1. Identify the residue in region 101-130 that is modelled with pLDDT under 90 and open to solvent by less than 30 Å² (accessible area, probe 1.4 Å) and, among all such residues, is nearest to residue 247 (Cα to Cα).
2. Testing residue 138 on (1) buried (at least 18 other Cβ atoms within 10 Å of the Cβ); (2) not assigned by the TED database to the domain that holds residue 289, one condition comes back false. Which one is that?
3. Looking at 183, 167, which is the one that is open to solvent by less than 50 Å² (accessible area, probe 1.4 Å) and either farther than 30 Å from residue 13 by Cβ or not assigned by the TED database to the domain that holds residue 290 (or both)?
4. Which of the residues spanning region 230-259 are part of a helix (DSSP H, G or I) and open to solvent by less than 50 Å² (accessible area, probe 1.4 Å)?
5. Identify all residues within region 61-87 that are surrounded by 15 or more Cβ atoms within 10 Å (Cβ to Cβ) and either closer than 23 Å to residue 30 by Cβ or among the basic types (Lys, Arg) (or both); write none if there are none.
6. Is it the case that region 227-243 has a residue that's farther than 18 Å from residue 184 by Cβ and either under 18 Å from the mean Cα position of the chain (by Cα) or in the same structural domain as residue 158 (by the TED database) (or both)?
7. Looking at region 305-322, which of its residues are farther than 21 Å from residue 113 by Cα and not in a helix (DSSP H, G or I)?
Amino acid sequence: MKLQQLRYIVEVENHSLNVSSTAESLYTSQPGISKQVRLLEDELGVQIFERSGKHLTRVTPSGEEIIKISREILSRVESIKSVAGEHTHPEKGTLNITTTHTQARYALPDVIKGFKTRYPDVSLHMHQGTPAQMSDAIAKGTADFAIATEALHLYQDAIMLPCYHWNRSIVVTKDHSLAQKSNITIEDLAAFDLVTYVFGFTGRSALDSAFNKAGLKPKIVFTATDADVIKTYVRLGIGVGVIASMAIDQERDNDLVALDASHIFDASTTTIGFKRGSFLKSYMFDFMERFAPHLTRPIVEQATMLKNNHEIEEMFKDINLPVR
């Protein structure tokens, strides 16, 4: 059994069983991957993949377990490399972050600017995705950090640390009837077409929950993952916008009226997470503290010793998180 063989089966699954695509990503040949997978199956005495002719059709039940363990082994190998790198080149490396548009556009720029100034030799990559894609990236090790708000139940194998609370604002054009209203209620919102986030993105669940509690149904006529897109359609008169307050730019959005909606919707909490068992280099601890100053290295290390994210929530319940 070779590490190369384990890497091949993991990457084949990552590429939806497309061996040709896997070969391209690994800069090797398709026959070479197929041969090594077969050799591994012969050695183990079980099929990892089912086949139809030359095509892989699905992962077998035993294959799922083998691939899961292979991911853990490869992750440990990367951790060994990281430990060595921490001692030989502590300020060099890569940092892969997966998050939503709102975090990437409004919460992270200053953090990343300061981080890159401090660590010019760290290659930083940001990937935007759905909650499922983000959690999958953490599970597969293709992302070091996930910065998320929704669907935290997907991160069972990750350590999720609370960073800050945030709420929403109602965004309308200056000539809209709500623009001059001092105390907007959820009943007011229910009377208008709404433009907001796609379900599963950027705290959308809090909006649905507020309407459900009031026994009302929101008239959502347009959704997007991008707050800037939502504001564009508010300007076109498509509907009343409901977006994260942090996504309002006082200069660029001076043609709109933003109204605080924290009395209507419960606050959401943004978290930063990483795969349990990962080796964190010094610059990774630094990044977390820059993003959330209460996440000092001792606090993060303490959290990694806890059994699950429920215990982590209990650990942080008495900490006053900042509000954005």
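The values are calculated or read from the model by the stated rules, or taken from the named source; none is laboratory data. Quantities reported herein were computed from a predicted structural model and do not represent experimental measurements. A quick note on method: Cβ atoms are made from the backbone with ideal geometry, for glycine too, and the neighbour counts reach across all protein chains shown. Note: areas computed on protein heavy atoms with side chains; ligands, DNA, RNA excluded. Shrake-Rupley method; radii C 1.70, N 1.55, O 1.52, S 1.80 Å.
1. 102
2. Of the numbered conditions (1) buried (at least 18 other Cβ atoms within 10 Å of the Cβ); (2) not assigned by the TED database to the domain that holds residue 289, the odd one out for residue 138 is (2).
3. Details: 183 fails: open to solvent by less than 50 Å² (accessible area, probe 1.4 Å).
Of 183, 167, the one residue that is open to solvent by less than 50 Å² (accessible area, probe 1.4 Å) and either farther than 30 Å from residue 13 by Cβ or not assigned by the TED database to the domain that holds residue 290 (or both) is 167.
4. 230, 231, 234, 245, 246, 247
5. Within region 61-87, 63, 66, 67, 70, 71, 74 meet the criteria.
6. yes
7. Step one: filter region 305-322 for residues farther than 21 Å from residue 113 by Cα, giving 305-321.
Result: 305, 306, 307, 308, 317, 318, 319, 320, 321.
Residue-by-condition table, conditions (1) out of contact with any Gly (no Cβ under 6 Å at 6 or more places or on another chain); (2) free of Cβ contacts under 8 Å to residues at least 24 places away in the same chain:
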position: 148; (1), (2): yes, no
position: 154; (1), (2): yes, yes
position: 165; (1), (2): yes, no
position: 168; (1), (2): yes, no
position: 174; (1), (2): yes, no
position: 178; (1), (2): yes, no
position: 184; (1), (2): yes, no
position: 193; (1), (2): no, no
